[in-house]
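The values are calculated or read from the model by the stated rules, or taken from the named source; none is laboratory data. A quick note: this is a predicted structure, and the numbers were derived from the prediction, not measured. As a convention, Cβ positions derive from the backbone with ideal geometry for all residues, glycine included, and neighbour counts pool all protein chains shown.
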2 protein chains.
Amino acid sequence: MAERKAGITVALDGTGGDTDRLGGIVRAAEFALTLYPAMRLIVFGSRELERSLKKARTGSRCQFRLAPECIPQDEAPLKVLEGYRDSAMRKAVEAVRDGEAQAVISAGGTGPLVALSRHILGTLGRMRPALCARIPAGEGRFSLMLDLGANARSSAADLLSFAKLGTAAARVMLKNAAPAVSVLNLGSELCKGNRTVLEARDLIASCRGLHCGGFVEANQLFTGDTDIIVTDGFTGNVALKAAEGVARIIAHGPGMKRFFARLAFPQWLAPWQYNGSLLLGVKGTVVKSHASARQEALAVAIVEAARAVEAGLTEKMAADPLLLQPSQA
Amino acid sequence: MAERKAGITVALDGTGGDTDRLGGIVRAAEFALTLYPAMRLIVFGSRELERSLKKARTGSRCQFRLAPECIPQDEAPLKVLEGYRDSAMRKAVEAVRDGEAQAVISAGGTGPLVALSRHILGTLGRMRPALCARIPAGEGRFSLMLDLGANARSSAADLLSFAKLGTAAARVMLKNAAPAVSVLNLGSELCKGNRTVLEARDLIASCRGLHCGGFVEANQLFTGDTDIIVTDGFTGNVALKAAEGVARIIAHGPGMKRFFARLAFPQWLAPWQYNGSLLLGVKGTVVKSHASARQEALAVAIVEAARAVEAGLTEKMAADPLLLQPSQA
C-alpha cells in the first residue's frame, strides 16, 4: 500500500475550472498539503497564480511552473492536441509522462483532459478510457461508477471495457478482489432497457474474471446494492448531476430549513466526497475535478489523486490479467 | 377550463404495480374520490379487488368491472397486443376509446401501457408518444419533462417531436402560451454533448412555434430555469430516479436525522407531486403511475388525470397548430 508514500508528487492544472478561482486553487493546494504531509505539488498556471501562491504558506512542498495558456472547456480535441503548447493542462499531463509527477489533476474541460491524457500518456491495452467516481454507498462504503462523461456515446463493447476497468480499479481502490459489476438500466428485470444495455449485460455475464451483478436502477446508485456501476458517459453524467441537484436544493432551503438540512444530511452523502473522477484506462493517474468544485472539494480530489498513486493504482491495473486479455470474452 | 367537470370518469387499472397492493388501490380510490367530488371511477381488476372495494366506502361513484388478467410488467408489445383480452389494463384503455371514461390510469408496465394506448386510442398526427411528468421547479412552479421511458431510444427528430408535444401540453397544463424548451445535456455550452442532443437543439431552434431554451444540465431539473425539458426516455428515466433515490436517502436517515429531514424538506419537492406521468401523443388521457407509488401518490395521480381531462388536454393538443404541422421544421 505504501510503495510511494515517501515521494508522491501531484501536478495541478491551475487554470481550469470556473473563473476567478485563483484564491480557491491556492487554498485547495494549502489544504491538500496539510491533509497529506508526504505529498508534493507542482502547480502550473499564470503569473497571477504564482503571486497568489507566493503570498500563501504553501512552502517548499509546492513548486510553481509558468504555463499561462488556458484551454477553453469545450475546445475541439484536434485543436487541443495540435495547439496549446504552453497550457497548464498540457504541461501538467506532460509532468506525469516525464516522471516528475505521478498524478495530474485538473478542473478544466473533460474533453481536452481526456484527449491530452490519451495522447500524451497512452492507453492501457486497447481500453477506452472512462471517468470513474468513487460514490458514497452508505456509512463508510463506496461504489465505483463509470463512465461519467469521457465518452459522449458508448457501445455495448465499451460498457464491457468499462466493466473491466472498474473491476481492476475496485481491486485496488475498494480492496475488493471480486466486485460485482452492474449495468445502469430502467429496471432490474432482464428484458427492460435498450439494446446497448441488454447486450452489455450479456457481454459482462459471459466475460471470464468479471462478476455480473445484473442491472441497477438509478435510485440504487447510493445504496451499495452493487460495487461497480457501468453506464454510458452521457447517462452517468446526467444521473450524478441530477442527484447532486436535488441534494443541493434540499441543503440550501430558505431560513430554518437550511439549518435542519444540515442536521438531516447523512455525512457519508456529502457531495465533496465524490468530487474527483479518475480517468481509468490511461497510463498514469489522471483526476478530473468538477469545474465548480469548491476549494475543500478540490483539496479532497488532490488527496484522492495522491492516494491512488500511493495504492499503486496505475501499475496494478496495468498488470491486471483482466486488462491484458486480448479478446473481449 | 371546466368543460367536463360535471362528468369526468377515470378508468383505473387495478392490477398493475407492485404486488399485494389491493388495499393500496382501494384506499387510493377512496382518497381520490374525496379529493375530487366531481369524478367517477371505473376500477378494473380481480374478484378479490371487487370484495375489497365492496368493504370500503367508495360508494356509487366507484364502479367495478371484472378483468382479472394482469399483464406482466415486461411483456413483449406484440404479445400484449395479441393477447390479454381480459386484462384490466386493456379493458381500462378500451373504456376511454368507447367513451365510458375520459382518462385511464395504470401502475402497470410502461411498455404494455404505451403499446395498448397507441394501438387502441391511436396517436396524434405522426407524433411519437412520450411520457411526460410535471416536475416541481420551486414554490408553486412546475416544469414539464419528457420522455421518461415510453421510448428506449430516441433520435434527434424524436426529441423535436417531444418538444412539440411538451409545448402543446404546457399551453394547457402550465397555462404558458410560449414555454421555453430545453434539451437535457452534459453542459449548457453549445458544443457539448452527443450528436443527438446537438442536432435536436438545432431542430428545435429552427422550428416555428417552438421557443428554444438551449441546453439544461441535470442539476437544473428542479430549478425552474426552463419550462420544458426534453430528453430521450432512457436518460430521462434515469435522471428522475437518481434524484428520487437521493431524496429518499436523505428523507429516511437513521433516528433524529429522519426527523430533521422532515423539517428540512421543501414541501414543493415532495416526491408524490410528480407521480403520474402523462402519455402525450395519444388520442386520450393516459396516466402512468409509478409501480411502487404509495396510496397517496396513486390518489394524486388519479386526480391529476381528472384535472387533465377537465382542462381539455387531449382536445386542445389535437387542435394545436404545432401538432398539425405536416413537416418537421
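Observations on the structure shown:
- Qualifying residue in the range A:154-163 (condition: away from every other protein chain (no Cβ under 14 Å), assigned to a helix (DSSP H, G or I), touching a Pro at 6+ places or on another chain (Cβ under 8 Å) and closer than 30 Å to B:ARG195 by Cβ): no
- Scanning the range A:76-95 for residues that are charged (D, E, K, R) and free of Cβ contacts under 8 Å to residues at least 24 places away in the same chain returns A:LYS79, A:GLU82, A:ARG85, A:ASP86.
- Residue within the range B:195-215 that is surrounded by 24 or more Cβ atoms within 10 Å (Cβ to Cβ) and outside any helix (DSSP H, G or I) present: no
- Test result for B:VAL96, farther than 19 Å from B:SER46 by Cα and not acidic (Asp, Glu): yes
- Members of the range B:170-194 found to be at pLDDT 95 or above and buried (at least 21 other Cβ atoms within 10 Å of the Cβ), listed by number: B:ALA170, B:PRO179, B:VAL181, B:SER182, B:VAL183, B:LEU184
- Inside the range B:99-153, residues that are within 14 Å of chain A (Cβ to nearest Cβ), acidic (Asp, Glu) and more than 19 Å from B:CYS207 (Cβ to Cβ) make up a count of 1.
- Note on the range A:10-52: among residues that are of a type in the set (D, E, K, R), at pLDDT below 90 and not in a helix (DSSP H, G or I), the one that is surrounded by the most Cβ atoms within 10 Å (Cβ to Cβ) is A:ARG21.
- Residue selection: B:ASN237 fails the criterion of being facing chain A (nearest Cβ under 8 Å), outside any loop (DSSP other than H, G, I, E, B) and over 27 Å from B:GLY111 (Cα atoms).
- Considering the range B:240-258, and only residues there that are at the interface with chain A (Cβ under 7 Å from one of its Cβ atoms) and more than 21 Å from the chain's Cα centre (by Cα), the residue that is nearest to A:LEU186 (Cα to Cα) turns out to be B:VAL246.
- Scope the range B:170-194; condition part of a loop (DSSP other than H, G, I, E, B) and within 13 Å of chain A (Cβ to nearest Cβ); matching residues: B:ASN185, B:LEU186, B:GLY187, B:SER188, B:GLU189, B:LEU190, B:CYS191, B:LYS192, B:GLY193, B:ASN194
- Any hit, the range B:259-278, residues being closer than 18 Å to B:ILE135 by Cα, within 14 Å of chain A (Cβ to nearest Cβ) and modelled with pLDDT of 85 or more: yes
- Selection count where residues are surrounded by 22 or more Cβ atoms within 10 Å (Cβ to Cβ) and closer than 18 Å to A:ALA291 by Cβ, scope the range A:134-152: 4
- Residue match in the range B:163-171 (condition: closer than 28 Å to A:SER155 by Cβ and either free of Cβ contacts under 8 Å to residues at least 24 places away in the same chain or not assigned by TED's automatic domain parsing to the domain that holds B:ALA319 (or both)): yes
- In the range B:214-229, the residues that are more than 13 Å from chain A (Cβ to nearest Cβ) and either in contact with a Cys (Cβ under 6 Å, 6 or more places away or on another chain) or at pLDDT 95 or above (or both): B:ASP227, B:ILE228
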